[in-house]
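**Student:** First the structure, then my questions, so here it is.
Bear in mind these aren't lab numbers, they're just calculated from the coordinates by the rules spelled out. Nothing here was measured: the structure is a model prediction, and the numbers come from that model. Here the Cβ is made from the backbone with ideal geometry for all residues, glycine too, and neighbour counts use every protein chain on show.
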Amino acid sequence: MKRLLSILLSLAIAFGLFVKVNAATTEKIDLKSAILIAKSSFEFNDKNLDFRYELTNYNNKSIWNLNWSSKNSNISIQVDANHGYVISMYSYDGNMKPWSKIPKFSKEKAREIAEAKIKKLVGEKFSEFIFVDNMETSLYSNTYDFRYVRKVNGIEYRDNFINISLERNTLKVINYAFEYDHYSLPGLQNVISLEKAKSIFDDKMGLELSYSIYYDYDKKERNIKLIYTPKNNVFPIDAFTGEIVKNNIIYANEKSMGGKGGDAQVLTPQEIKAIDENKNLISKEKVEEILSNKFGLTGEFKNEYLSLSYDMYTNRYVWSVGYSKNADDKLKYYYLSASIDAVTGEILYYSKGYPYIEEKDKTPKYSKEECRKIAEDFIKSMQPDRFNQTKYKENIEYNGTNQYYFSYVRIHQNVSVLNQGFNLGVNPYDGQIISYSMNWSDVIFPSIEGVISKDKALEILFSKNPFGLNYVRYYDYSKMVSYSTKLVYTFKSSSFNIDAKTGDMLDYNGKIVIENKKVTFTDIKNSPYNNDINILTDIGIIDDKTDKFNPNQMIKQKDFIKYLVRTLEPVYVIYTEDASKEYDNYYQIAIQKGIITEKEKNPNSNVTRQDAAKWIIKAMGGGFVAELSNLYTLNFKDAKLISKNYKGYIAIANELKIITPVKGFFQPKQPITKGEAARILVNYLKVEK
């Protein structure tokens, strides 16, 4: 029961659930004062708006929740009832007109206004915050978003922050959040050294060499890599005691996450029949026979679902089934679900549910060690050979008395295989297996020769994922009291996997982690296209990785197509380890959208003014109209130089002021520079469709 309460409480904290309190309680800020604070902080017309309020308590913090609403608009403001600060504001206007893709104001101007507003709202406390430049602006967002994190004693406290969003064309604040703990934070006296903290991480969590199986969706094949990955889940380390702070998980180790499957593609009855005729798949009746023999499935259970699917990750067909039954008193519910290899009949996953029994009403019959033996005997009865290729994995996580969980990790060449092996749950009251999963792929593992050392991997980890002092919020679930703040050693990000052969940091898909650094161009200040380039950079169209944009250089077709595709909706932003493949992906989208043909593809060629006109009008969906060339008359001085194939596109681009003539000449075959391309793309995005 304690565990259930802990889960519910953690959810309440995570999702900001509040406890309603009696509005008559004495607060430093009364309702009238809260309303005046709210209305003086944010300007809005409250005419014809319904007003509602309530006083709530969250973590011993009293909060006035004020709301003004109508059918098409809403503004909600929260005021700290003890300190008088506005702690959040959210507004919605259903009558707002569609926003322009090109903002009226720059991001720099918006930040200036945002910081002036914050200073008005929080006063001198703003000096405790630093700007965090990681809030990207999307082409299809109507806001500029800024984030500030509190820094105390030179140390970041990421749980204390200010978020603010301004509408791009009016610079009106539409969202705001201020999270601040008013109590004093731990000082820096008597903290353990950085080297000591690193040593504790290595000893208590650390890295180990493992195989990891990824699925490459581009190549449609499995990819096996040798990586260094944490031995257990990664937690912060108390900066004073060196103890692990278990309630603040920052990285879920894949070995503790149970069996990992790929995207299961469910098959139709007709497809199942076709496969049945070509593969020796076991029948539904055989599935029930297996479950009856191993887990006691009886005729009392009603079949709830049955499906056959193909798992790309493990390269197998799988039967997934579910059964349920009600007990005699109709109040107790049982269920059984399972996944079975449709060819071999091997049980891949099993879970059993039954009416909950209060722990206080029963005494466990089996100890943890006895439950472990039950688990191991069960695996041996199912997969004796594979069990001999595993090792028991002791996790840091808590095992409650209601059930015990055991993990056995697959080993190959004395190296762990992530997400491969067995996971079981055993009921200590009756010794029954309540959950079981096996994940075991037939793959060829790469040689372990040529891998970097563990010490080198640790050096890379600490270098690429900064490790140091941070303040974090901490909640002691065992004491059920308000959260506090701890000073801990922790990592900056959740990237921990390292390619054991190249030393590259990898993400969850086995791809190299790409640092998303914002680049400031140093060569555009005196360019007439400076503003256009900055606009496209702000909204994520231009993402060049060097500090030189070269505005006077002729733009290559591959870059123009990339920028153009990134203006489309839905947003197409492609990240790959290989730059050439990135361009291939943008071309693929452009060809699919009918913007460019395979025959026209010439990545390193220059782009002419007529090319730009054609591809942009096609991107706008106007290609079919532009092809009706006889509808158009061109009055340019060099109109005779424009071929019939481009006539309609150029006429439309000129009429929409996307590409206009120069002193009466269109210059259709004149190559355009990168700066000119930026101006053309901005003009295109200004067009109201």
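**Student:** Going by average Cβ density within 10 Å per residue, which order do the peptides 290-303, 220-233 take, highest to lowest?
**Tutor:** Result, highest mean first: 220-233, 290-303.
**Student:** Determine, from the Cβ-Cβ distance of Ser307 and Asp377 and an R0 of 41 Å, the FRET efficiency 1/(1 + (r/R0)^6), rounded to the nearest 0.05.
**Tutor:** Efficiency for this residue pair is about 0.85.
**Student:** Would you work out the relative contact order for the range 562-689, in percent, from Cα pairs under 8 angstrom that are 6 or more residues apart?
**Tutor:** The value is 24 percent.
**Student:** What lysines could a cross-link reach from Lys325, if we take a straight Cα to Cα line under 20 Å and drop same-chain neighbours fewer than 8 places away?
**Tutor:** Within reach: Lys284, Lys294, Lys302, Lys352.
**Student:** Based on the Cβ-Cβ distance from Asn95 to Lys640, what FRET efficiency comes out when R0 is 45 Å, to the nearest 0.05?
**Tutor:** 0.35
**Student:** Place a point 7 Å from the Cα of Lys172 along the Cα-to-Cβ direction; which residues of the range 30-51 have their backbone N under 13 Å from it?
**Tutor:** Counting backbone N atoms under 13 Å from the label point, the list is 42-47.
**Student:** Ok, one more. As an exercise, use a Förster radius of 56 Å and the Cβ-Cβ distance of Ser106 and Ile224 to find the FRET efficiency, rounded to the nearest 0.05.
**Tutor:** That gives a FRET efficiency of 0.70.
**Student:** List the pairs from Lys104/Lys663; Lys380/Lys454; Lys198/Lys511; Lys120/Lys151 whose alpha-carbon separation is above 22 Å, in the order I gave them.
**Tutor:** Over 22 Å Cα-Cα: Lys104/Lys663; Lys380/Lys454; Lys198/Lys511.
**Student:** For the range 42-84, what does the relative contact order come out to in percent, with C-alpha contacts under 8 Å and a separation of six or more?
**Tutor:** It comes to 32 percent, rounded to a whole number.
**Student:** Using unit Cβ charges (K, R positive; D, E negative) and no other charged atoms, how large, in debye to the nearest 20, is the dipole of the range 16-179 about its Cα centre?
**Tutor:** Value, rounded to 20: 360 debye.
**Student:** On a straight-distance basis, which aspartates and glutamates could pair with Lys492 in a cross-link, Cα separation under 12 angstrom, same-chain partners fewer than 8 positions away excluded?
**Tutor:** The reachable aspartates and glutamates, counting only those whose Cα sits under 12 Å from Lys492, are Glu156.
**Student:** Go through the range 138-178 and name the chymotrypsin sites (Phe, Trp or Tyr not before Pro) that are in a DSSP coil and have 15 or fewer other Cβ atoms within 10 Å of their Cβ.
**Tutor:** Counting only loop positions with at most 15 other Cβ atoms within 10 Å, the chymotrypsin sites (Phe, Trp or Tyr not before Pro) in the range 138-178 are Tyr140.
**Student:** Additional query: Would you mind pulling out the separation of the Cα centroids of the range 622-641 and the range 514-567, in Å?
**Tutor:** 30
**Student:** From Cα pairs below 8 angstrom and at least 6 apart in sequence, can you work out the relative contact order of the range 16-179, rounded to a whole percent?
**Tutor:** 17
**Student:** Quote to one decimal, in nm, the extra length available between Gln389 and Asp216 on full extension: 0.36 nm per residue of separation minus the C-alpha distance between them.
**Tutor:** Answer, rounded to one decimal: 59.6 nm.
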